[in-house]
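First up is the structure itself, then whatever we jot down about it.
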Amino acid sequence: MTETTGTTGTTGTTGTTGTAGTAGTAQAGDGRERVGFFTDTSVCIGCKACEVACKEWNAIPEDGLSLTGMSYDNTQALGASTWRHVAFIEQPARPAPEGRTQLPLADGPPEPPPADGEFRWLMSSDVCKHCTHAACLDVCPTGSLFRTEFGTVVVQEDICNGCGYCVPACPYGVIEQRPADGRVFKCTMCYDRLGAGQEPACAKACPTESIQFGPLDELRERAALRVDQLHEAGVSDARLYGHDPDDGVGGDGAFFLLLDEPEVYGLPPKPRVTTRDLPAMWKHAGAAALSLLGTAALSFVLPALARRKRTS
Amino acid sequence: MKGARGTKGEQAMVPRAEFASYYGRPVIKPPSWSATDIAGYFFLGGLAGAGSVLAAASQLTGRRRTATALKVSSAAAVSCSAAALIHDLGRPGRFTHMLRVFKPTSPMSMGSWLLSVYGPLSGVAALTAVTGRLPRTGTAATAGAALLGPAVATYTAVLAADTAVPAWHGAHRELPYLFAASATAAAAGMALVAGPPGESAPARCAAALAAAAETATDRAAEHRLGMVAETYREGRAGTLLRTARTLTLAGAAGAVLLGRHRPAAAASGLALLAGSACTRFGVFAAGVASAEDPKYTVVPQREEH
């Protein structure tokens, strides 16, 4: 495995250069374009082909089989051995203003308003966001997590010592330690396939092009068009998530088109890379350290003064 | 899915906040750290760091027995810290990977470097004090450990706060001061337990100041945290932090009023040490509780704008 300070120059070893204390912004190296995922949940059919393709291609171990009662979701969440997770949400259908259901067929006749007891499905394939300002990468003390030449975030498994710091640092709850192994694992955006000019296994397997892979700029344009199209069709709930380079993580390398609030899908509404506050935190820690010294000094001076007063 | 609380059918203890979640599942992953190892390390690191400061000042003012006792306790505490940190790694054999990079964006990387310098200094300070050999080296090591000690005691607050854990990050301004106060209380407690009562005037004063500072920062943190402060008041964290407050205040009061008597000084010291440990385990438990309930991630983010 190569050193983390490769041609990308964006890993933590040179970490002081990032804006406001973040270790590195996502820029693709080698003159390559930054690539990513655009997951359009409005066309997801919940087939879980992405989950299966991901598990198979990356040889991820089985991590428990259980019936959760959470609709068709028995995978539950992203984790060390689940790098794609399809969420299933059942909601009572809400009649739209024009009397349409929430998901009208593109050119069909207006559908009748839903009868009582009908509901709508929301399905969404979640994945590591490959943040522009990635908290996991920022806090990794070994340099195991690094920024690839494709602008993605990957764990070097021969370096990770299982300190677990990236786990609570991730604002999306993606990365996790594998109990029997001790190290952390997450989506690599199929780093091996990217190197061979292939698209990631999940995008390849997706039968509805809900998962789209490509250069990030191109995906953002495509997503903006798609959300406009849905708004015109009366799907006013459609919104993009993680597409904005000015958000709390500098934009996601994997972003989404959602049909409800992010938290309904288990996503944080306004995620933030906490390393942004690190300079302020170090300042407070410095002040606290000085206050500790001051308290100690005072503790020696005050009794001495009191004694002098008593003797004089 | 409004306010749904998990799949086990447990009852909510407080009125449900209006928020949406995915089957009540947490948004972020709670830390996988063991409380014994990491909260234990927060306590021991604080005891060691603040202890080195009090040791140096004791030596400077001719309180030799207290100075030696504190040097030994700091060296022991930092050794146990290192053991706890290595034990908590998923791959303990790879602990040297911590010193593979020097990374200011990672509090854990900075802490590893800090400990790798502070640990040996505190060890040399203790060894020279106990054996009486190499007094000059001992003085230099004592001074070095005293300079790095406050950083060892407070950086752990940044370590916890630089995560998405709502109860920790939300209090990132107050946590370092809380940790500094708690560390001072622990070191003062150790001085009362291990030092002779004749030398304990500064320790008694430090105990009082630390208890006051801890109470003040505790309040400030809860005020800042808003609804997330619930995690500091309820459940395991609430019990631990209430116990911590009682022990710390009782220890400080005992130290100030009865600290000239050996048994009372020792009891007060033990109360201060136990109080400091309860504070760190309480803060740790509050963090875990805040990460496990999606409410504490979603509601504050929603209220931001």
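The values are calculated or read from the model by the stated rules, or taken from the named source; none is laboratory data. Bear in mind the structure is a predicted one, so any value in this text is a computation, not a measurement. Methodologically, a virtual Cβ is constructed for each residue, glycine included, from the backbone with ideal geometry; neighbour enumeration extends over all protein chains shown.
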Test: B:Thr36 is over 16 Å from the mean Cα position of the chain (by Cα) and surrounded by fewer than 22 Cβ atoms within 10 Å (Cβ to Cβ): no
List, please: which pairs have Cβ atoms under 9 Å, are six or more places apart or on different chains, and start with a residue in the stretch A:137-148 that is more than 7 Å from chain B (Cβ to nearest Cβ) and under 10 Å from A:Ile159 (Cα atoms) and end with one that is part of a strand (DSSP E or B) and of a type outside the set (D, E, K, R)? A:Ser144/A:Val155; A:Ser144/A:Val184; A:Leu145/A:Val153; A:Leu145/A:Val154; A:Leu145/A:Val155; A:Leu145/A:Val184
With the checklist (1) touching a helix residue (DSSP H, G or I) at 6+ places or on another chain (Cβ under 7 Å); (2) outside any helix (DSSP H, G or I) in hand, flag the one item A:Ala289 doesn't pass. (2)
From the option list A:Gln212, A:Gln198, single residue qualifying as in the same structural domain as A:Tyr72 (by TED's automatic domain parsing), surrounded by fewer than 22 Cβ atoms within 10 Å (Cβ to Cβ), under 18 Å from the mean Cα position of the chain (by Cα) and of a type outside the set (A, V, I, L, M, F, W, C) is A:Gln212
Could you identify the single residue in B:Arg173, B:Arg219 that is away from every other protein chain (no Cβ under 11 Å) and surrounded by fewer than 24 Cβ atoms within 10 Å (Cβ to Cβ)? B:Arg219
Can you spot a residue in the stretch B:112-127 that is facing chain A (nearest Cβ under 9 Å), crowded, with 16+ Cβ neighbours inside 10 Å and within 18 Å of the chain's Cα centre (by Cα)? yes
Among the residues listed as A:Ser71, A:Ser66, the single one being within 14 Å of another protein chain (Cβ to nearest Cβ), in a loop (DSSP other than H, G, I, E, B), at pLDDT below 95 and touching a strand residue (DSSP E or B) at 6+ places or on another chain (Cβ under 6 Å): A:Ser71
Out of curiosity, is A:Gly253 more than 26 Å from B:Ser21 (Cα to Cα) and touching a Gly at 6+ places or on another chain (Cβ under 6 Å)? no
Filtering the stretch A:64-88 for residues that are of a type in the set (Gly, Ala, Ser) and either surrounded by 14 or more Cβ atoms within 10 Å (Cβ to Cβ) or within 21 Å of the chain's Cα centre (by Cα) (or both) leaves a count of 6
Candidates A:Cys190, A:Cys163, filtered to the one that is crowded, with 22+ Cβ neighbours inside 10 Å, modelled with pLDDT of 95 or more and facing another protein chain (nearest Cβ under 9 Å): A:Cys163
